[in-house]
Amino acid sequence: MPEAWGRVLQPIRIYLFTVPALLVIGAFFVYPILLSVNLSFTNFTGVGVANYIGWANYERFLSRSRYLNSVGVTIKFTFLVVVFQTLIGLVFAALLHRMPAIRNFCRAVLFTPAMMSFVIVGYVWQFIYAPYTGGLNAFLSAIGLESLARGWLGDPSTALFAIAATHVWMFVGYTTAIFLVGFANIPSDIEEAGRLDGASSWQRFRYLELPLLAPSFTVNIILSTVGTLKTFELPFIMTRGGPDRATNTLSLEIVNNLFGSYKFGFASALSIVMLLIVVAVAIVQNIYLKRREDNQ
Amino acid sequence: MRPMIRRVVSIFGQASVVVVTLAMLAPVFYMIMMSFRTSAEIAEEPLAMPQALYLGNYANALENMNYWQGVLNSLGITLTVTVLVALLGSMAAYPLARRTNRFTRGVILIVALGLATPPFVTITPIYVIFRNLGLLDSYPGIVIAFTALNLPLAVFFYTSFISAIPKELEEAARLDNCGDWQVYWYIVRPLLGPATATLSLFVTLMVWNDFTYPLLLLSSPEKFTVMISVYRFVGNLNIQPDMLFPAAVLGSAPLLVLFMIFQRRIVSGVTAGAVK
């Protein structure tokens with residue numbers, strides 16, 4: 001009999017290799033998402049029974065400015081980070097591409113902060129931004145710019161920018177490294193042709209390299225967007241979402257509802273909102289950036 | 001004369017880029033310098049250099065933050081997760097790289113779903129599931145959570161790696177009557193070293209630096225990873241610089257040292273993982 005079984009299983013045996021991974025992904029991604037959808041229609045508090053309350057959690061989300069505000073904060077933060085990280089990374093990569101002697105050294109230096117954890121970066125930068133004992137204000141007054149000194153994280157108008165700057169500092173080396181791969185993939189005869197035609201360094205960048213870097217833009221923008229939309233640790237450590245909820249991101253709101261007030265049902269509804277936002281943004285970006293690549 | 005001028009300009013340009021790049025390290029330098037100063041010194045002169053090699057902050061941090069226990073925990077979790085992710089990921093990748101049909105396309109779709117889902121979407125249900133299974137505050141629990149988080153990336157990573165391996169070796173083995181498992185175990189798996197090396201860098205970075213999962217899933221101090229030890233030691237209110245900076249240095253030192261040694265490999269590995 002085992003032989004007969006062997007003959008039946010033979011053609012599909014190779015696919016059984018995917019079963020362990022599928023079990024893990026099924027149990028810890030697919031099932032949790034379904035459970036999250038289910039919980040989002042309940043008033044579950046972590047203990048006892050979960051009562052179905054229909055769309056009440058979603059109505060609560062839509063009717064309180066606090067939650068819509070946290071979506072706004074998340075999107076504004078993501079926009080700031082993606083724009084500045086991409087631009088600064090591009091400038092570094094364009095310069096380093098022309099400077100082979102220092103390229104690897106500078107790439108490694110720029111990459112260093114990405115080795116550190118959000119917790120430590122958050123702590124150190126919180127102290128750098130501190131009003132009286134912090135490094136930034138002390139530095140500003142040392143170079144005669146005292147008038148710019150302020151409580152960076154205590155002021156609702158600067159707090160989000162300050163955290164975005166920290167995030168960009170952490171990951172700009174990543175963006176630079178990806179752009180450098182893009183530069184390296186540009187066929188050298190194209191660059192050579194540009195040089196023979198007497199194109200200046202800027203003209204080569206603008207008319208030859210920039211269009212050919214489209215795939216690197218796609219990778220960088222999608223990676224940094226997906227990485228930034230879920231921002232939690234930096235505001236959690238640096239501001240706790242304050243001042244005046246100016247840095248209260250959606251993930252911070254999820255964790256606060258979960259472990260601050262045990263609103264498991266509502267936290268699940270917020271998670272589903274987050275999933276929808278991430279999926280929507282990813283689809284729009286993918287379509288737009290791929291089309292942009294094809295047009296180049 | 002002109003080439004001479006051009007060379008001077010080029011050297012000047014490169015020097016300025018190096019200076020700007022090194023300025024990006026100022027916060028890291030600041031963190032190390034401040035860790036040798038007392039709170040009173042920092043309050044008085046926020047930017048001064050340390051007066052002497054004062055190690056009191058470190059003595060206090062090492063004594064009170066449970067550092068070595070945290071290092072051991074992070075190491076143990078990293079190793080276990082790396083082995084699990086490498087095994088499950090490469091096994092699943094083998095058929096995905098060698099066959100294309102409705103089934104493999106469906107599996108790739110499910111893996112992509114795992115890759116795209118932000119951890120915050122699944123954190124509530126995972127907490128509930130872990131509590132029901134008794135996995136909260138346990139090593140198996142945190143190992144499973146990290147394995148699940150890293151697995152989708154591993155599957156993609158190995159799939160593209162195996163696709164690039166020529167099939168001839170496997171076909172020869174099949175003629176010798178090797179089954180699928182034997183082909184995978186004796187032919188494919190031994191070739192995966194470079195991919196596994198890069199993957200283990202990802203896992204190390206994630207396990208060492210991740211904050212959210214261990215914060216929510218672990219509650220007894222003897223099980224904390226390094227980052228949770230740092231967080232519990234420094235706290236969240238009334239933060240003291242003489243605790244913050246030494247803990248920050250101790251928390252990031254192992255990965256920074258690792259980075260100095262394997263800098264080229266880490267940058268190209270992480271970048272390759274992103275570009276693929």
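Rule-based calculations on the coordinates, nothing more; no lab input. Keep in mind that this is a model prediction, so the values were computed, not measured. Backbone-built Cβ (ideal geometry, glycine too); neighbour counts: all protein chains shown.
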For the pair B:Val8 and A:Ser157, how long in nm is the line joining their label points, each one 7 Å along Cα→Cβ? 4.6
Could you line up A:Cys106, B:Cys178 from fewest to most neighbouring Cβ atoms inside 10 Å? B:Cys178, A:Cys106
Give, as ranges by residue number, the residues of segment A:66-94 whose backbone N falls under 15 Å from the point 7 Å along Cα→Cβ of A:Leu212. A:94
Simple SL model, points at 7 angstrom along Cα→Cβ for B:Glu44 and B:Ala59; separation in nm is 2.0
If amide H atoms are built 1.01 Å from N in the plane of the peptide, which residues on other chains or at least 5 residues away come under 5 Å of the amide H of A:Thr42? A:Ile53
Going Cα to Cα from A:Lys263, which aspartates and glutamates come in below 16 Å? Please leave out same-chain ones fewer than 8 positions away. A:Glu59, A:Glu253
Per residue of B:20-30, other chain Cβ atoms within 10 Å number on average 6
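Shielding by partners for B:254-260, please: the mean number of other protein chain Cβ atoms within 10 Å of each residue's Cβ.
Mean inter-chain Cβ contacts per residue within 10 Å come to 3.
Pop the C-beta distance of B:Ala23 and B:Gln182 into the FRET formula with R0 = 45 Å and round what comes out to the nearest 0.05. Walk me through the numbers on the way to the answer.
Working: r = 56 Å, r/R0 = 1.25.
Efficiency computed from Cβ-Cβ geometry: 0.20.
Between Rg and the Kirkwood Rh of segment B:20-103, both from Cα atoms, what is the Rg to Rh ratio?
Values: Rg = 23.3 Å, Rh = 17.6 Å.
Expressed as Rg/Rh, it is 1.32.
Is there a simple number for the mean count of other chain Cβ atoms within 10 Å of the Cβ of residues in B:106-118, and what is it?
Details: counts 2, 5, 1, 0, 7, 5, 0, 5, 9, 3, 6, 12, 13.
The mean count of partner-chain Cβ atoms within 10 Å per residue comes to 5.
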Computed over chain B, the convex hull of the Cα set has an average projected area, in nm², of 22.7
For A:Gly242, which sequence-distant residues (separation of 5 or more, or a different chain) have an amide H within less than 5 Å of its own amide H, given hydrogens modelled in the peptide plane? A:Thr247
Within the set A:Leu148, A:Leu229, A:Leu208, GNM on chain A using Cα springs under 10 Å gives the largest fluctuation to A:Leu148
Taking a crude spin-label model, label points 7 Å out from Cα along the C-beta direction, the B:Ala197 to A:Leu16 distance in nm is 3.4
What's the extension gain from A:Arg64 to A:Asp244 if we count 0.36 nm per residue and subtract their Cα-Cα distance? 63.3 nm
For segment A:126-135, just list the computed ³J(HN,Hα) in residue order, Karplus coefficients 6.51, -1.76 and 1.60, θ = phi - 60°, integers in Hz, with x standing in for Gly and Pro. 4, 6, 4, 7, 4, x, 9, 9, x, x
Can you work out the Karplus-derived ³J(HN,Hα) for every residue in segment B:27-42? Use 6.51 cos²θ - 1.76 cosθ + 1.60 with θ = phi - 60°, whole Hz, and x for glycine or proline. x, 5, 4, 4, 4, 5, 4, 5, 5, 9, 10, 7, 4, 4, 4, 5
In whole Å, what are the Cα extents of segment A:1-150 along the three principal axes, biggest one first? 86, 53, 25
In order over segment A:202-217: 3J(HN,Hα) from phi, Karplus 6.51/-1.76/1.60, θ = phi - 60°, whole Hz, x for each Gly or Pro, gives 5, 5, 4, 5, 5, 9, 9, 6, 3, x, 6, 8, 3, x, 5, 4
Using 0.36 nm per residue, how much length does the chain from A:Arg98 to A:Tyr52 gain when fully extended, once their Cα-Cα distance is taken away? 10.4 nm
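What order do you get for A:120-128, B:197-205 when each peptide is scored by the mean count of other beta carbon atoms within 10 Å, highest first?
Details: A:120-128: 25.3, B:197-205: 19.6.
The peptides rank, most packed first, as A:120-128, B:197-205.
How large is Rg over Rh for segment B:69-225, taking Rg from the Cα atoms and Rh as the Kirkwood inverse mean of 1/r across Cα pairs? Spell out each step's value before the answer.
On the way: Rg = 17.5 Å, Rh = 16.9 Å.
Answer for segment B:69-225: 1.04.
Pairwise over distinct Cα atoms, reciprocal of the mean inverse distance: report the Kirkwood radius of chain A in Å, one decimal place. Kindly include the intermediate steps, with their values, before the conclusion.
Numbers: mean 1/r = 0.0441 Å⁻¹.
Result for chain A, one decimal place: 22.7 Å.
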With +1 on each Lys and Arg Cβ and -1 on each Asp and Glu Cβ, how big is the dipole of chain A about its Cα centre, in debye rounded to the nearest 20? 340
